[in-house]
Amino acid sequence: MSGRFSKETMTAAMRQIATVLGVPSDDAELLRLTNNAVFALPRSGIVIRIGRTHRLRDRVTKVVQLAQWFAEIDAPTIRLPPGVEQPIRVGELVASIWTYVPPLSPAPAVEDLGLVLREFHALGVPSLPLPLWDPIQDARQRLADAEGLDGEDRDFLLEWCDRLDPQISAFSRGAELKLIHGDAHVGNLLRHPSGRTVMCDFDATCIGPWQVDLAAVAVGEARFGVSGAHRTLATAYGFDVTSDPSWPLFCQARELKMIVAAVPLLATSTKIAAEFATRLRSVQEDDHETRWTAFADLTTPIRKSGRV
């Protein structure tokens with residue numbers, strides 16, 4: 001399938017960015033092709049990360065500012081390379097550039113995620129214009145950027161947003177707010193050569209209830225059928241989010257995010273479109289038995305794609 005955010009379009013944009021940076025791109029490896037196209041250029045020691053939605057491209061500026069603050073306080077996060085003015089624009093696309101971290105053993109695990117999240121939540125709140133946690137606004141923006149979305153599916157998702165919106169607003173008014181990652185799962189961890197586990201992918205980072213960062217693993221365990229992960233996370237972090245009185249709200253917000261994440265990409269992959277339909281149908285039918293498949297597993301496997 002083709003579209004504004006196809007692999008071919010993203011690859012062409014990556015090569016333009018490499019030219020702007022004055023680095024070769026013949027060794028480029030496509031690491032991820034989901035909400036962002038992520039390319040490693042190992043010889044140059046950088047990663048190029050290109051957003052695959054126009055509606056959320058303002059996030060790139062936020063992410064760059066956050067990364068600069070993370071470096072100042074030595075947060076457990078990946079770093080921007082020195083001397084690169086960011087973000088970089090290529091036509092309507094916006095990209096950020098990161099320091100390349102090669103794959104190392106042992107790979108980060110759920111226990112590492114719990115420990116890193118405890119450190120991340122203790123960082124405090126930076127004096128940056130960060131958004132408040134608002135999964136409904138994010139979902140509506142993605143729906144507005146959709147190609148190939150059936151009208152009935154759009155209506156169902158918008159009605160779901162309308163139902164959840166007042167509940168989330170009411171909860172957030174009385175919640176303990178912290179800096180949260182917003183998409184905390186093992187796939188967003190890297191093992192730094194120093195041995196330190198660091199976080200990446202700060203598109204969803206915002207100010208919000210810290211419990212949100214513990215919901216991804218719990219919902220993922222239920223929907224993907226990965227047993228034991230949630231208990232390991234709860235032990236490492238020191239809190240079981242499923243025991244929180246507001247757990248049903250966190251669960252719904254996470255499931256909504258996991259479904260609408262595919263909406264801007266429906267025209268780019270038949271596999272993603274099929275998985276989107278499976279996820280949406282299981283929610284509509286209150287089906288908790290059908291297992292979901294990670295979108296990343298349906299496109300380009302992380303660090304297994306070879307050259308592009």
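The values are calculated or read from the model by the stated rules, or taken from the named source; none is laboratory data. Because the structure is predicted, anything quoted here is derived from the model rather than measured. Heads up, the Cβs are rebuilt from the backbone with ideal geometry, glycines too, and the neighbour counts pull from every protein chain shown.
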Inset, instruction - Take the residues in the range 20-68 that are of a type in the set (Val, Ile, Thr) and either free of Cβ contacts under 8 Å to residues at least 24 places away in the same chain or at positive phi (or both), then tell me which one is surrounded by the most Cβ atoms within 10 Å (Cβ to Cβ). - result: Val38
Inset, instruction - Would you mind telling me which numbered condition in (1) farther than 15 Å from Gly45 by Cβ; (2) in the same structural domain as Thr19 (by TED's automatic domain parsing) Pro82 fails? - result: (1)
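One line per residue, one yes/no per condition, for (1) surrounded by fewer than 21 Cβ atoms within 10 Å (Cβ to Cβ); (2) assigned to a helix (DSSP H, G or I); (3) more than 16 Å from the chain's Cα centre (by Cα); (4) in the same structural domain as Leu177 (by TED's automatic domain parsing):
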| site | (1), (2), (3), (4) |
| --- | --- |
| Val217 | no, yes, no, yes |
| Glu221 | yes, yes, yes, yes |
| Ser227 | yes, no, yes, yes |
| Thr232 | yes, yes, yes, yes |
| Thr235 | yes, yes, yes, yes |
| Glu275 | yes, yes, yes, yes |
| His288 | yes, no, yes, yes |
Inset, instruction - Please indicate, with yes or no, whether at least one residue in the range 249-268 is farther than 18 Å from Leu143 by Cβ and not in a helix (DSSP H, G or I). - result: no
Legend entry - Among residues of the range 72-128, those that are free of Cβ contacts under 8 Å to residues at least 24 places away in the same chain, within 20 Å of the chain's Cα centre (by Cα) and not in a loop (DSSP other than H, G, I, E, B), counted: 0
